[in-house]
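Below is one structure, written out as structure tokens, with a few remarks after it.
The values are calculated or read from the model by the stated rules, or taken from the named source; none is laboratory data. Here the structure is a predicted model, which is why all the values come from computation and not from measurement. No Cβ is skipped: glycine too gets one built from the backbone with ideal geometry, and neighbour counts run over all protein chains shown.
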Amino acid sequence: MGLNELGLNVEWLQWNQFTVDLVAFVVKFALLAGGLLQLPPLLVWIERRVPALMQRRRGPNRVGIFKFRLYGLLQSLADTVKLIFKEEVVPDGAHKVFYHLAPVFCVFPAFLVACAIPYGPDLNLFGYVIPLSVVRVDVGFLFIFAIASLAVYGVTLAGWASNNKYSLLGSLRASAQMISYEIPLGMSLIPIVLIYGTLDLGDIVKAQSTFFQWGVFSAPFSFLLFLVCMFAETNRAPFDLAEGESELVAGFHTEYNSAKFAAFFLGEYVSMFVLSCLAATVFFGGWQVPFVKYDTVVALMGGSVNLAAIVCHIMLVLKATFFMWVYIWVRWTLPRFRYDQLMSLGWKFMLPIGLANIVGTAVVLAVLRFR
Amino acid sequence: MNPYIPVLVVLIFGVVLGSILSGLAYFFGPKKYVREKMDPYECGVPKVTSADEKMSVKFYLTAILFILFDIETVFLYLWAKTFDQLGWLGLVEVAVFVLILVVGYVYVVRRGALEWD
Amino acid sequence: MDALYAIPQLMFYLLAGLVAISSLMVVTSRNPVTSAIFLVLDLFFVAALYAKLDAHFTAAIQVLVYAGAIVVLFVFVIMLLNLKPDALRGIRFSVGEAVVLLVTLIGFVIIGAELASPVPEGLPAGPLSVAAIEEAGGNTHVLAMRMFTSFLWPFEIASILILLAIVACVMVARKEKPESGKHNLKAGAGR
């Protein structure tokens, strides 16, 4: 009763494609956001334990519950709580509005981009097909590039608003680096579009159904370019010039502490995760199980599309985990670049190779496809 | 459902989450004003010069070149999407397009505009 | 159900209003960085308008190129020239100027309304209707096909324009003589 009188049609509230989409979106996004918020503590822990292993130290291993130390896993939790209850010191002369706004600009693009990744094949619940990406727009990964390009402002504003010369230098360096490597990043994915003929990430994954159709085999140079750009875009070692401790203290977030510092970390780790997922999706078959076709996976799961989707989702997570491991591995293996080396690598090496890669791929494909 | 409704919701969520994170310490942290604490961090020494120094023109040049090559990349995306339908014709068109820009790129490199010193 | 169909219309007015407000903020802010950030917002809302018109590619490019690249350049220039809010004169109108501005605005509104009056009923039909574009492979696809066939010359001329811009920017930023170009940053680099 009552709903019709309020001007709402009751039929509209029954299950139809729209309401299913709506509910599915809310559930998917809640799961994704929940997962993404767990990332930074976990990754910080890994990032402290892994180098400890590499350097034969112990790393954080004390914090735990009572006698259970859990390999120091709760260290990150303790750190998070500590960061939240720290005093926030806003330096004199900082531009108040932009100082507070900069972390926001670092967080929201990362979350929005994370929503465009296809996390698995379509589910089929109660006769409704539910795709496992939160957001799916016509332009495919151009959407990802568009939103990711906004992350520059977080870095730039943070440096500018802090009224600190290290911050300003760090932010200028970081933003110049991010924009410089955006071009090879964009170029590295053009051969993928040429090969698979689509901009849609879901379709790209579907096109990589057999092992040797994976992007890494059909476009190996693209993969190498992409891999380098991944590090540069997230300002991670060996391209962490933005926060070269030895020269710039901490770069653009020198003047940031407490929860705002944590917000920058959240943004960084989420974009790390997104780029890892993107690398896995575009070059390593996304949610496809290696050597096993999707139909076979469904058959193995007793014909259940939904069970197969879970298996495939785990595959994607494993692949993305591998790339995040590479991030950490490289950070503790390679020394930092010098800034002029970084820029000339981007402009004089990656850019021409990216262009040559596009032209070469196009010519080969044209000969193969058109004769 | 319009595909931009989720985009809008996620966008709002991201902004709200960022703002909450940005404001958390303001509500939970202690506030003790000490004059020295509010100085810009300069490794412990008093501030020598302000942060108003002018920056190298290279950053500006990088930004312009970025715009130009970004536009080029966007055009290439359009072509890549319709590669199969356009065939050889498209390839030749884009080859001419890229060739003209390669001239510009070579000019930039020759003039040393990409040297950071 | 009528209420539901009114939502797109409402969205348009909302977005248009946001575009207008942020544009006003761009030109009236006294701090150049504030202006730049409002410009980003402005371009973002314009992109949302494009998206609302099912021009997905244009929307993405609007954000990618304008908000993500061109305003970055503006921000760099602001930092490069180190413009301070104090250095810029705020906008203050005399009564006469305000009247002239108001009359001009009203004039524009009237002219715009005149020009826009023969509004075609409903959505466009033919090969560029929303349904036909979906049928032909989506907005991006149709746009690309048109660009590389009907609009080939503009496309090639675009490359020449970009080339000219490249040359121009290198010329503008060319190195000065080392004697005159002594910069404290360079001296401090120690290389």
### Answer residue from the stretch C:132-157, given it is of a type in the set (A, V, I, L, M) and facing another protein chain (nearest Cβ under 7 Å) and is surrounded by the most Cβ atoms within 10 Å (Cβ to Cβ) among those
C:Ala144
### Any hit, the stretch A:66-89, residues being more than 12 Å from chain B (Cβ to nearest Cβ), surrounded by fewer than 20 Cβ atoms within 10 Å (Cβ to Cβ) and acidic (Asp, Glu)
yes
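Right, C:Ser29: polar (S, T, N, Q), at pLDDT below 80, under 24 Å from A:Lys96 (Cβ atoms) and surrounded by fewer than 21 Cβ atoms within 10 Å (Cβ to Cβ) or not?
Numbers: polar (S, T, N, Q): yes; at pLDDT below 80: yes; under 24 Å from A:Lys96 (Cβ atoms): yes; surrounded by fewer than 21 Cβ atoms within 10 Å (Cβ to Cβ): yes.
When the stated conditions are applied, C:Ser29 passes them.
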### Query
Somewhere in the stretch A:206-228, is a residue within 13 Å of another protein chain (Cβ to nearest Cβ) and either at pLDDT below 85 or within 29 Å of A:Phe264 (Cβ to Cβ) (or both)?
yes
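Considering only the stretch A:162-179, state which residues are closer than 23 Å to B:Gly14 by Cβ and more than 8 Å from chain C (Cβ to nearest Cβ).
Within the stretch A:162-179, the first condition is being closer than 23 Å to B:Gly14 by Cβ, and the residues that meet it are A:162, A:171, A:174-175, A:178-179.
The answer is A:Ser162, A:Ser171, A:Ala174, A:Met178.
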### Query
Restricting to the stretch B:78-117, what's the tally of residues that are facing chain A (nearest Cβ under 8 Å), over 19 Å from the mean Cα position of the chain (by Cα) and either assigned to a helix (DSSP H, G or I) or crowded, with 21+ Cβ neighbours inside 10 Å (or both)?
13
### Message
at pLDDT 85 or above, in contact with a Pro (Cβ under 7 Å, 6 or more places away or on another chain) and not β-branched (Val, Ile, Thr): is that true of A:Tyr294 in this structure?
### Response
no
### Task
Output the residue which, of all residues in the stretch A:116-155 that are assigned to a loop (DSSP other than H, G, I, E, B) and within 7 Å of another protein chain (Cβ to nearest Cβ), is farthest from C:Phe44 (Cα to Cα).
A:Val134
### Query
Which residues, counting only those in the stretch A:247-261, are at the interface with another protein chain (Cβ under 7 Å from one of its Cβ atoms), at pLDDT 75 or above and surrounded by fewer than 24 Cβ atoms within 10 Å (Cβ to Cβ)?
A:Ser258
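Test of understanding: among A:Phe221, A:Phe212, A:Phe273, which residue is in contact with a Leu (Cβ under 8 Å, 6 or more places away or on another chain) and assigned to a helix (DSSP H, G or I)? Spell out how you get there, then give the answer.
Numbers: A:Phe221 fails: in contact with a Leu (Cβ under 8 Å, 6 or more places away or on another chain); A:Phe212 fails: in contact with a Leu (Cβ under 8 Å, 6 or more places away or on another chain).
Answer to the selection: A:Phe273.
With the condition kept exactly as written, say whether any residue in the stretch A:318-339 is away from chain B (no Cβ under 14 Å) and over 30 Å from A:Arg173 (Cα atoms).
Initially, the stretch A:318-339 is screened for residues away from chain B (no Cβ under 14 Å), giving A:318-336.
With the extra rule that they be over 30 Å from A:Arg173 (Cα atoms), the set shrinks to A:318-319.
Within the stretch A:318-339 (the criterion being away from chain B (no Cβ under 14 Å) and over 30 Å from A:Arg173 (Cα atoms)), the answer is yes, since at least one residue qualifies.
For the stretch A:156-168, give me each residue that is in a helix (DSSP H, G or I) and not charged (D, E, K, R). So that I can check it myself, show each step before the final result.
Filtering the stretch A:156-168 down to residues in a helix (DSSP H, G or I) leaves A:156-161, A:165-168.
Those that are in a helix (DSSP H, G or I) and not charged (D, E, K, R): A:Thr156, A:Leu157, A:Ala158, A:Gly159, A:Trp160, A:Ala161, A:Tyr166, A:Ser167, A:Leu168.
Based on what the data block shows, is A:Glu182 within 30 Å of B:Leu86 (Cβ to Cβ), within 13 Å of another protein chain (Cβ to nearest Cβ) and buried (at least 24 other Cβ atoms within 10 Å of the Cβ)? Spell out the reasoning first.
Numbers: within 30 Å of B:Leu86 (Cβ to Cβ): yes; within 13 Å of another protein chain (Cβ to nearest Cβ): yes; buried (at least 24 other Cβ atoms within 10 Å of the Cβ): yes.
In short, yes.
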